[in-house]
Each structure stands twice: as structure tokens, then as C-alpha cells.
Amino acid sequence: MGWKKIAATWAAALLGLTASASVHAVYPDHPIKFIVPVAPGGVTDVVARVLASQLQQSLGQPVIVENRAGGSGIPAAELVTHAKADGYTLFMGTIGTLTVNPSVFPNLSYDPAKDFVPVSLVASAPTVLVVNPSVPARSVRELIEYAKAHPGALNYASFGNATSPHLAGELFKSLAGVQIVHIPYKGGAPAMTDLLGGRVQMMFDNIITSLPHVKEGKLRALAVTAPTRSKLMPDVPTMAEAGLPGQEVSGWVGLVAPAGTPPEVVSKLSSEIARILRDPDTQSKIVGTEAIGSTPEEFGSFMRAEAAKWARLVKEANIRAD
């Protein structure tokens, strides 16, 4: 090959690299869409909308939240796996869609580890173990003693099979060695109604939801499932402090992108999200959750650990989706 052809080849290659770099350098140049696998109004939706609003200001482009509820989040996840891998369609995934579904759906149509690239762990919402006041136990130890003395007498509510309250309940059974009965409901509202009415005796619930009932004396909070105490319930011990280490369950949410999304786009999104989540103003708008903001690598490691943890429990407890 002559030197002119070599020069032309190098020039073309450099031009291609420059064009590619310029495309990614201007990201984003049109609206971004968050696909959220739940209905409006819940914790995941609130976090998504707060982040979208702040990210819109930061990036200078509209960030639209699109709710795709139902089907255990599977249709929403599928939609994003089929989207163009350019950083304009992102998935606000949950503990269920990103780490539990592969274990409870044997023929799941997507693989979180292969079909997505992690962007950032956004926020975590630890649960609190609450009991109806009719339950004589005033601590986790007393609850375990009561459950062992009355096997099968206690019922615990959840928002449905394979939801985080269900997983928390099964983990509690495994760690404490007790027999309590799972009562699945179609959402948090009916579960709370029956818990307050005494038709079920206990539940692992979102702190922000249970807090008003605890303050009014309608429920008793025994422990939170986070590594540290909640600022909303500073007098309530952690599960480890209460004598049951290992009982850590959080209803977390995190942002992922379709596999193949350019690393520079992922990095830009991740760094902007981390900066936004460090802002006290942002944190004040997502009360009841802990704003996190991680690197893609940290979020990837977290998802792998969560997937392994819940896969073991799903197998042990023979958990099946609705």
C-alpha cells in the first residue's frame, strides 16, 4: 500500500473517531426517557420523578417519566432491552426487576446481567418490622419466642408474592427458625388495612408508610432492616441490634441502560446522578429513602450480590411469582 493510501486510511479512521467522539460529547441533544415499572405515586415513582426533574436541569434536555406498571415489571424491562443503546431510554429498575425476577420466573424473557449496563444505584428504602398491638411481643426477641411457642399462629402480610416484604418475611423465617404464615395482598394499601384491623399480625413495610400509624399507636415498630437506624425512627433498633443479624432488606431502585450503551454516556449519567443525589435539596424531596448515587461498577457489584442472595432464599423457601 502506498503512502498516500495509508495516509487516506488513517485520515478516515481519525475522522470516524472524531465524529464518534463529537456525537457522544453533545449527549444529550434530545429528550431522555425513564421507563418506570410501577404505577404513579409509589416510592419508586417519586424517586424517579425527583431525579428526572433534577437531571433535566443539569443536562439541559427534558427527562420524561413513563410508567409501565404490571406484570412484575417484566413488560417495562423488555421495552428497554429492545430500545436503542444510545442513553435516551433508561430503566428505573427495582430489587424485583433487576435481581429477584430471574429466580422466580424460570422462562424470564430478559437477563438483567446481560441485557442491561448499570448506571447508578439511586436510592434505598429500608423496611420496618411492624406488628399489630394485639401481638404481645415488644421486641424482635420476644416476637421470635412467641412465634416458636405458637407455630403457625402468626400471619405476615406482603404486597404480593416475590415482593420485598415477602422476601423479608421469608428471610425472617429462615434466620429466626420460626413458622409464620405468608398472606399476599395485591398492593400495600389492602395489606396495611388488614394489619391495622388485626386480620394479619405483622408486616415488613416501608418506613414512610408505617410511620404515621406507629406514631398514633396503631402499630408497634420492632426493628428496621437497614445496617443503621433510620432518621425517621431513631429509637427503633436495627435487626442486628435487636438480635437478628443478616436481616437486611431494602426496596432499592437503580438506573440501568440497554446493553451496548457507550461507556462515556453511562459515565456522564452516573457522575451527574451522583452529584444530584448529594444535594440536600434533592434528599429532602425523597423522604423515607436514602439517596445513594454510585459508580456503574459499584452498582454492578451490588446487583450481583443481591441476585445471589435472593436466589438462595427463593430456592430455599420455594418462592413463586403470582
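Worth pointing out:
- Debye, to nearest 20: dipole size of region 127-224, +1 on Lys, Arg Cβ, -1 on Asp, Glu Cβ: 100
- Calculated P(r) tail over 17 Å for region 127-224, as whole % of Cα pairs: 42
- Lys/Arg +1, Asp/Glu -1 at C-beta; the chain dipole; positive extreme among HIS182, VAL135, HIS30: HIS182
- Per-residue HN-Hα couplings for region 129-137 [Karplus 6.51, -1.76, 1.60; θ = phi - 60°; Hz; x = Gly/Pro]: 7, 10, 10, 5, x, 5, 6, x, 6
- Full extension of the chain segment joining LYS285 with ALA113 gains 58.9 nm, where the gain is 0.36 nm per residue of separation less the Cα-Cα distance.
- Cross-link partners for LYS173 among the lysines, with Cα-Cα distance under 26 Å and sequence neighbours closer than 8 places in the same chain left out: LYS148, LYS186, LYS218, LYS309, LYS315.
- Charged neighbours of PRO227, selected by a Cβ distance under 13 Å, balance to -2 (K, R count +1; D, E count -1).
- Estimated distance in nm for a label pair at SER267 and GLU216, the labels positioned 7 Å out from Cα along Cα-to-Cβ: 5.2
- In the chain, excluding the sites themselves, the longest stretch lacking any of the trypsin sites (Lys or Arg not before Pro) that are in a DSSP loop with at most 13 other Cβ atoms within 10 Å is 232-319.
Values in this text are rule-based calculations from the coordinates and carry no lab data. Predicted model only: the values in this text are computed from it and were never measured. When we count neighbours, we look across all protein chains shown, and the Cβ atoms used for this are built from the backbone with ideal geometry, even at glycine.
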